[in-house]
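Working notes, beginning with the structure itself.
The values are calculated or read from the model by the stated rules, or taken from the named source; none is laboratory data. Since the structure is predicted, the reported quantities are computational estimates derived from the model, not experimental observations. Here the Cβ positions follow ideal geometry from the backbone for every residue, glycine too, while neighbour counts run over all protein chains shown. All accessible areas refer to the heavy atoms of the entire protein, side chains included, with ligands and DNA or RNA removed. Shrake-Rupley method; radii C 1.70, N 1.55, O 1.52, S 1.80 Å.
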Amino acid sequence: MVGKACEGDWEYRTDRAPVPVKITVKKFIGDDWMIACMVPKGNMMHCMVRETEGTLKQIKYNTTDKELPVEIMEVEGLMADFFEGGITDIKREGESLRITSGGKEMVFTLDKDKSM
């Protein structure tokens, strides 16, 4: 389940884009968490989730709406679909972060650029 160890900057690298997807997980007030996601040169996506009785419920999803470079369209579409599904779990596993949304899982790794 989401906890203090999940906070920080993470990335997802794929052959589908020339740049890694970047996400930030941050604890907000009370039981609320913010997950912000961006493919460099793309749109900013952000979700708010609330932890209630050991489960997560997505309470908000927003994205900007700017025109995308062709080289990141596929991966940004993948990320938007993923986050629109509704985050239900976030777990840290060593240097990886596993996020479940809409019944699918994605694994992110520590953002090497931010941790140095």
Inset, instruction - Before rounding to the nearest 500, sum -39500 (n - 2.57) across all DSSP H runs of length at least 4 in the chain and divide by the residue total; then give [θ] at 222 nm in deg cm²/dmol. - result: -3000 deg cm²/dmol
Inset, instruction - Work out the P(r) tail for the chain: percent of alpha carbon pairs separated by more than 17 Å, whole number. - result: 52
Legend entry - Rounded to whole Å, sorted largest first: equivalent-ellipsoid semi-axes of the stretch 60-116, Cα gyration tensor: 22, 17, 10
Legend entry - Inter-site label distance for R98 and K112 at 7 Å from Cα along Cβ, in nm: 2.3
Inset, instruction - Filter the cross-link list K66/K91; K26/K104; K57/K112; K41/K91; K22/K57 down to pairs whose alpha-carbon distance in this structure exceeds 25 Å. - result: K66/K91; K57/K112; K41/K91
Inset, instruction - For the stretch 1-48, evaluate the Debye formula with one uniform point scatterer on each Cα (no solvent term) and list log10 I(q)/I(0) at q = 0.17, 0.29 Å⁻¹, rounded to two decimals. - result: -0.53, -1.08
Legend entry - Solvent accessible area, Å² - L78, 1.4 Å probe, full protein context: 60
Inset, instruction - Heads up, I need the accessible area for F28: 1.4 angstrom probe, whole protein in place, Å², nearest 10. - result: 100
Inset, instruction - Find how much the distance from R50 to K91 grows on full extension, using 0.36 nm per residue of separation minus their present alpha carbon separation; answer in nm with one decimal. - result: 13.3 nm
Inset, instruction - With springs only between Cα atoms under 10 Å apart, run a GNM on the chain and tell me which of P69, P18, P40 wobbles the most. - result: P69
